[in-house]
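Here the structure is laid out as C-alpha cells; the discussion comes afterwards.
The values are calculated or read from the model by the stated rules, or taken from the named source; none is laboratory data. Quick caveat: nothing in here was measured; it's all calculated off a predicted structure. Because the Cβ atoms are built from the backbone with ideal geometry, glycine has one as well, and the counts that use them run over all protein chains shown. Surface accessibility is based on the protein's heavy atoms, side chains included, excluding ligands, DNA and RNA. Shrake-Rupley method; radii C 1.70, N 1.55, O 1.52, S 1.80 Å.
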Amino acid sequence: MSTLLEKIKQLSAELTPETLANRHHIHANPELSYQEFQTQAYVLQQLEQMGIQAKKIATTGLIAEIKGKNPDKKVVALRADMDALPILETNDVPYKSKNPGVMHACGHDVHTASLLGTAHILQQVRDEFEGTIKLLFQPAEEKAPGGASIMIQEGALQNPTPASIYGQHVATNVPVGKIGFREGMYMASTDELYLKVIGKGGHGAMPDACVDPIVIASHIIVAMQQIISRNKNPKLPSVLTFGKIEGLGATNVIPDEVNIAGTFRAMDETWRAEGLEKMKKLAEGIADAMGGRAEFEVLKGYPFLQNNPELTRRSKAAAIEYMGADNVVDLDLWMAGEDFAFYTHHVDACFYRLGVRNEERGITSGVHTPGFDIDEGALGIGPGLMAWLVVKELEA
Ligand SMILES: [Zn+2]
Ligand SMILES: [Zn+2]
C-alpha cells in the first residue's frame, strides 16, 4: 500500500496547478444557493475531461462514479458543496469575485476544486483499488432546506448505496498543513424561531385598559431560557438565542404586538423535538395567562451532525499515515450548522476540517466575512488526502 500512498502524493503534487486553476475559476464566478448553473457546467466539463461521466441531480448538482476493480465490493461517497454567499468581496486578489455582492466566503470553491483534484487522482489509480467511489457535487449548503436534503430525496444515496460518506470543510482556526477530526456529535441542529406575542395596545398611561405584549414577551424570553437550564439534559450541548425583538410602541404607547426571532441549536434529535414542543407550550401558556396570545413558528433547519466514531478513528489513522501525527488535530464541538448533517443520519459519515489559516501572512478572516481567503497550500493537501482516505476505507 505504501507505493500507492507515494503515487497519490505524487499525482496530487502534479495536479496542484490544475486544482488551483479550478479554485480560481470557481472563486471568480460565484453563484448563490440553488443557482449554481455555471458552476455545474464547469464541474461537468472538468469531469468529462478526466473521462468521468456525471449526471445532473438536484437541479444544479452532479453525481458521478469512479469504478475500481471489483466495483460492487464496497461503495464510498465523497461530497463537495458548490454555493456562494451574498457578500461583497473585499480581497484584492487576481481571482476576486466577478459577480459583485456574491462571494465564495465559506470555502465551497475550495471544496469543489479539491474534490475535482481527488477525482482526477482516483481516476488515474482506479486499477489499484477495489470498489466504487461516488462523487457528490451538491448545491445550496447555505440555504434551507439545504442541497443535501434534496440530493438524498433524489436518490444520491441509492443505486448504489454507499457504506460511508466523507465531507471536507475549510477551517480558519486550524493552521494550513493540518487536518482536524472529531468523533461523534460535532455540529448542531439549527432551527429558526419566530414568536409573535399579541396583546391590545393603547395609551401608556392606561395599562389597565390594554394587554401589554412587551411585558408578556419579556416573561416568555426569560422563562424560555429555563427550558435550557432546567429541562435539558446537562450533558447535551444546546443553545437558545433570541437576537431580535421588535415592539413598535413609544414612551407613551403600548403596541398591539411584539415580534421575536431566534435560533435553537441542539446535538440530539429527541431533545430538539422536545425543546421545541416545550417552547411552544410555554409561550402560549404564559401569553394566555396574561390575557394575550402567542403564535410560535419554527422554520426547521438542518439536523445535528454526527461523525461515525469507528469510521472517524480509521480515517484519522489514515490521515496520520498521509500527513504525520503532528499534523492531525482534534476538533472541538461547534454549535454552527452544516447540511452535510443530513447524510450523517443515513450512512456512516466523517466530516473533517482542512486547515487554511496562516497568521504570518495575515490569512485569519473567518468564514462568512468579506475578507475570507485561504492559504492555498491547503490545496496541495486536500485532494491527495481525501483520495488516500477513501482508498483506505474501501480496503477496511
Ligand atoms: Zn457557510
Ligand atoms: Zn460551508
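Descriptive notes on the structure:
- Residues of the range 132-147 that turn out to be surrounded by fewer than 24 Cβ atoms within 10 Å (Cβ to Cβ) and either hydroxyl-bearing (Ser, Thr, Tyr) or touching a strand residue (DSSP E or B) at 6+ places or on another chain (Cβ under 7 Å) (or both), as a count: 5
- Selected residue (only one of Leu311, Leu248 is touching a residue at least 12 places away in the same chain (Cβ under 8 Å) and among the aliphatic types (A, V, I, L, M)): Leu311
- Matching entry among Leu20, Leu62, Leu88, Leu47 (being assigned to a strand (DSSP E or B) and either open to solvent by 10 Å² or more (accessible area, probe 1.4 Å) or within 28 Å of Phe129 (Cα to Cα) (or both)): Leu62
- Selected residue (criterion: farthest from ligand 1 (Cβ to nearest atom)) from residues of the range 335-381 that are outside any loop (DSSP other than H, G, I, E, B) and in contact with an Asp or Glu (Cβ under 6 Å, 6 or more places away or on another chain): Asn358
- Selection over the range 65-85 of residues that are part of a strand (DSSP E or B) and either farther than 27 Å from Ala144 by Cβ or away from ligand 1 (no atom under 16 Å from the Cβ) (or both) gives a count of 8.
- Matching residues, the range 295-321, being part of a helix (DSSP H, G or I) and open to solvent by 20 Å² or more (accessible area, probe 1.4 Å): Pro309, Glu310, Arg313, Arg314, Lys316, Ala317, Ile320, Glu321
- Contact annotation: residue pairs with Cβ atoms under 7 Å, 6 or more positions apart or on different chains, pairing a residue in the range 24-35 that is open to solvent by 10 Å² or more (accessible area, probe 1.4 Å) with a partner that is of a type in the set (Gly, Ala, Ser) and not in a loop (DSSP other than H, G, I, E, B), are Glu31/Ala84; Leu32/Ala84.
Each row is one residue, and each column tells you yes or no for (1) within 16 Å of ligand 2 (Cβ to nearest atom); (2) surrounded by 21 or more Cβ atoms within 10 Å (Cβ to Cβ); (3) under 26 Å from Thr312 (Cβ atoms).
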residue: Val93; (1), (2), (3): no, no, no
residue: Cys106; (1), (2), (3): yes, yes, yes
residue: Gln158; (1), (2), (3): no, no, yes
residue: Tyr166; (1), (2), (3): yes, yes, yes
residue: Ala171; (1), (2), (3): yes, yes, yes
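- Residue match in the range 119-129 (condition: under 22 Å from Asp348 (Cα atoms) and within 16 Å of ligand 2 (Cβ to nearest atom)): no
- Residue among Gly371, Gly292, Gly355 that is open to solvent by less than 50 Å² (accessible area, probe 1.4 Å) and out of contact with any helix residue (DSSP H, G or I) (no Cβ under 9 Å at 6 or more places or on another chain): Gly371
- Count of the range 251-275 residues which are among the hydroxyl-bearing types (Ser, Thr, Tyr) and in contact (Cβ under 8 Å) with a residue 12 or more places away in the chain: 2
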